[in-house]
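Chemist: Below: one structure in structure tokens.
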Protein chains: 2
Amino acid sequence: VIPKNIQLILASASPRRSELLRQMGEIFKIIPANCNETLQLNLTIAENATLLAKKKAEFVAAKIDEAALIIGADTLVSVDGNILGQPQNREQSAQMLSQLSGKSHEVTTGVCIIGKEPKYFQNFCVTTKVVFNTLTREEIEAYIDTKEPMDKAGSYAIQGKAAVFVKEIHGDYYNVVGLPLSRLYEELKRYNEFWKTKNNK
Amino acid sequence: VIPKNIQLILASASPRRSELLRQMGEIFKIIPANCNETLQLNLTIAENATLLAKKKAEFVAAKIDEAALIIGADTLVSVDGNILGQPQNREQSAQMLSQLSGKSHEVTTGVCIIGKEPKYFQNFCVTTKVVFNTLTREEIEAYIDTKEPMDKAGSYAIQGKAAVFVKEIHGDYYNVVGLPLSRLYEELKRYNEFWKTKNNK
């Protein structure tokens, strides 16, 4: 989608995000952002996700000199207004899965796109509602045994064995995996239009 | 999920369905059903999907002697009440994608589970609503160039490059890929309970 002479950079170490961007057919370089991911209590969940995405994109943009477009993203899982992070141990994992059991929660991904030469800035945020089946104690324990929950926000991977726990979703599926592909594609097209206008001048 | 001494059989040649069943962690054998897939005009879309799934499961069940559980499935894509099949050429593919552009359509998967020794029968049907972005002529042509639409009902693969066309879905994502994983898992658990009751007698 983006111009051939613009280097696309994904400011994320997440293998899921790389895979999604590859699925879109984009060619890109990965430069993980190593920045402070502290949440701001005075901001909403959507604002926090967007701010973290911006921090990541800015962190990488500051290190780059070439004509590039940098994508930063951050995904937050929340239930009843409380953000669930990545579980640190079995107990936290079991507690998060119990919180998700039998009801709906929200997955919010903030995305920030920063262009260098020409300068460009865009950020946005997409939320998907996810409805879980009621999970038994045995199902939660068996799922933790697979080790899948360990590096996942909210302690599950919809693209993995937790697929069977998800009764339905409302919104973009790929947003739950880690990148809102449909909206990102629209924004990359918009950047492309911007770039063309800039270069015809 | 199902008892160890029951052979699980997928009555489908679809590589997507095999992959989904594998994602659930199930071990199974594939025996494609080779039966008449004609649609019945006097039946609804949901009834047709369920009937085709039943035909496929019955076709394979008739060939099996062992203690087995056979899963048949059929996925129908429909827009404004009209079923879209698999495109036979570029023109059909372009026409289907134009029909899906900028609005919502339905993906319905019928599933039939047939058990042999002990006898078991269950069928059900799951529908997911899929909302497409507006596609340009260029996007449609570029997508057809990828060859992805060719063996797909409705001329797209949500798990492939058409991901960016899908604004949102309402329901089970995996149902759009070809198997309603969450409901299937519930039904396999139900079969397991049935089998236990049967074998404790």
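No lab work stands behind these numbers, since they all come straight from the coordinates. Small disclaimer: the values here were computed from a predicted structure and weren't measured. For neighbour counting, all protein chains shown are included, and Cβ atoms are generated from backbone atoms with ideal geometry for every residue, glycine included.
Chemist: Any idea how far the Cα center of segment A:64-125 sits from the one of segment A:138-201, in Å?
Modeler: 9
Chemist: Then there is this: Counting only other chains, and only Cβ atoms inside 10 Å, what mean value do you get across the residues of A:169-175?
Modeler: Average neighbour count from other chains, rounded to a whole number: 6.
Chemist: For chain A, give me the percentage of DSSP beta bridges that are antiparallel, rounded to the nearest 5 percent.
Modeler: Roughly 85 percent of the beta bridges in chain A run antiparallel, per DSSP.
Chemist: For the protein assembly as shown, divide the Cα radius of gyration by the Kirkwood radius and give the resulting Rg/Rh value with two decimals.
Modeler: 1.00
Chemist: Hey, if you drop one equal point scatterer on each alpha-carbon of chain A and run the Debye formula without solvent, what base-10 log of I(q)/I(0) do you get at q = 0.10, 0.11 Å⁻¹?
Modeler: Computed log10 I(q)/I(0) values: -0.44, -0.52.
Chemist: Could you identify which residue out of B:Ala163, B:Ala49, B:Ala33 has the top mean-square fluctuation in a GNM of chain B using Cα springs shorter than 10 Å?
Modeler: B:Ala163
Chemist: Using helices alone, I'd like the mean residue ellipticity at 222 nm for the protein assembly as shown: each DSSP H run of four-plus residues gives -39500 (n - 2.57), total over residue count, nearest 500.
Modeler: After summing the helix terms and dividing by residue count, I get -11000 deg cm²/dmol.
Chemist: Placing the label point 7 Å from Cα along the Cα-to-Cβ direction, what are the distances from A:Ser101 to the equivalent spots in the other copies, shortest first, in nm to one decimal?
Modeler: For A:Ser101, the inter-copy label distances come out at 4.8 nm.
Chemist: Right, another one. What is the angle, in °, between the Cα long axis of helix B:90-100 and the longest principal axis of the Cα atoms in chain B? Nearest 10 is fine, range 0 to 90.
Modeler: On a 0 to 90 degree scale, this one is about 90.
Chemist: List the relative contact order of chain B as a percent without decimals, with contacts defined as Cα pairs under 8 Å and 6+ residues apart.
Modeler: Relative CO of chain B lands at 22 percent.
Chemist: Would you report the distance distribution of C-alpha pairs in segment B:111-201 as whole percents per 10 angstrom bin, up to the bin with the largest distance?
Modeler: Spelled out bin by bin, segment B:111-201 gives 14, 35, 23, 16, 10, 3, 0 percent.
Chemist: Under a straight-distance cross-link criterion of Cα-Cα below 17 Å, which aspartates and glutamates are reachable from A:Lys103, leaving out those fewer than 8 residues away in the same chain?
Modeler: Within the straight-line limit of under 17 Å, A:Lys103 reaches these aspartates and glutamates: A:Asp80, A:Glu139, A:Glu168, B:Asp172, B:Glu186.
Chemist: Follow-up question, since we're still on this one. Taking H as built 1.01 Å from N, whose amide H comes closer than 5 Å to the amide H of B:Lys167, not counting residues under 5 places away?
Modeler: Hits under the 5 Å cutoff: B:Val131, B:Phe132, B:Asn133.
Chemist: To continue, here is another question. For segment B:37-149, what is Rg from Cα atoms divided by 2.2 N^0.38 Å, rounded to two decimals?
Modeler: So the Cα radius of gyration is 1.30 times the expected 2.2 N^0.38 Å.
Chemist: If the cut-off is 16 Å between C-alpha atoms, which lysines fall inside it for A:Lys4, apart from same-chain ones fewer than 8 positions away?
Modeler: Result set, ordered by chain and number: A:Lys29, A:Lys116, A:Lys189, A:Lys196, A:Lys198.
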